[in-house]
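The values are calculated or read from the model by the stated rules, or taken from the named source; none is laboratory data. Owing to the predicted nature of the structure, the values given are computational and were not obtained by experimental measurement. Here the Cβ positions follow ideal geometry from the backbone for every residue, glycine too, while neighbour counts run over all protein chains shown.
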Amino acid sequence: MLYVNSPISAIETLRAEGLDVVVGRPSGVPRIGLLNLMPEKVATEHDYCRMLAHSGRTLSLVLLRLPGQTYKTTPQEYVETHYEVLDFDGEAPDLDGLIVTGAPLEQLPFESVRYWAALCRLFDWSARHVQSTLCVCWAAQAAMYYSYGLPKIALAEKCFGIFEQEVLLPGHPLLNGLASSFPMPHSRHTAVDFSALPDRCLILAAGLDTGVGIVADETLRRVMVIGHLEYAPDTLDREYRRDLAKQLPIQLPQNYYHGDDPA
């Protein structure tokens, strides 16, 4: 069962899919914070709620936002209604885990992101107050840049599609139940230079076409997924058609459409 702190539309959608999702904040249940940095927050809520509801565990999800931020794509009123503000100077919220989503900001220098200072505070704060933090795609790149000084590298062409990832450390607790390889959606314009990755970090999975896919520090206090294991089956299609409509340079997502035909 998945509990969510506020009555968002994902609850009814997932209940219609047969998943056990309700509004609530029960005690004694592992509590996961979701810092949703994506512009289209409702779609991202659906992706992560669906993923957590399929986990087979009873979990409590709390939607979170950084202090002092304004929003355009998703109405400000919606975010203020459903998302709780992270107060780094007040009493730390009781979180067992934290997820920091990606954001379409790869082509900006990290320091040019308007909430970069707040995000850096979040990385420091979560290291002290949260048992484990999962950073996804751009957030993973941001965490590795801030924490380890690893720069991002612009790709000549967007890494876009579904790619096999090879398990490099079989038996690692994060990889329990996985086969020797597994598919992972990727959607990014940048990569990370892992040549200076500190020894305390472990590369858990990687792909020939994508490079490193999953990294974790030895304590598991920070886990970084470069791809998008949370994506719904139609997410890459929506991204492809969105970029076409905006007349942005975009190739077909690889290993995705049957016969490479998006019709």
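Table for the structure above
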| item | result |
| --- | --- |
| Test: D217 is crowded, with 17+ Cβ neighbours inside 10 Å, under 26 Å from W125 (Cβ atoms) and more than 16 Å from the chain's Cα centre (by Cα) | yes |
| Scope region 74-117; condition outside any loop (DSSP other than H, G, I, E, B), out of contact with any Cys (no Cβ under 7 Å at 6 or more places or on another chain) and buried (at least 16 other Cβ atoms within 10 Å of the Cβ); matching residues | V79, H82, G97, L98, I99, F110, W116 |
| Scan of region 107-135 for residues that are farther than 15 Å from D89 by Cα and of a type in the set (D, E, K, R), ordered by number | E111, R114 |
| Conditions (1) assigned to a loop (DSSP other than H, G, I, E, B); (2) farther than 25 Å from L19 by Cβ; number of the one not met by M144 | (1) |
| Residues within region 105-125 that are touching a strand residue (DSSP E or B) at 6+ places or on another chain (Cβ under 9 Å) and within 21 Å of D47 (Cβ to Cβ), tallied | 3 |
| Verdict on T133 being at pLDDT below 95 and of a type in the set (S, T, Y) | no |
| Condition check for R242: modelled with pLDDT of 95 or more, of a type in the set (K, R) and either on the phi < 0 side of the Ramachandran plot or crowded, with 19+ Cβ neighbours inside 10 Å (or both) | no |
| Single match in L122, L150 (criterion: buried (at least 17 other Cβ atoms within 10 Å of the Cβ), part of a loop (DSSP other than H, G, I, E, B) and either of a type in the set (A, V, I, L, M, F, W, C) or at pLDDT below 95 (or both)) | L150 |
| Some residue of region 80-103 being in contact (Cβ under 8 Å) with a residue 60 or more places away in the chain, out of contact with any Leu (no Cβ under 6 Å at 6 or more places or on another chain) and more than 29 Å from R57 (Cα to Cα) | no |
| Subset of region 196-214 that is charged (D, E, K, R) and exposed (fewer than 12 other Cβ atoms within 10 Å of the Cβ) - its residue that is nearest to the chain's Cα centre (by Cα) | R200 |
| Only listed residue being surrounded by 23 or more Cβ atoms within 10 Å (Cβ to Cβ) and either within 17 Å of R200 (Cβ to Cβ) or among the basic types (K, R) (or both), chosen from A140, A127 | A140 |
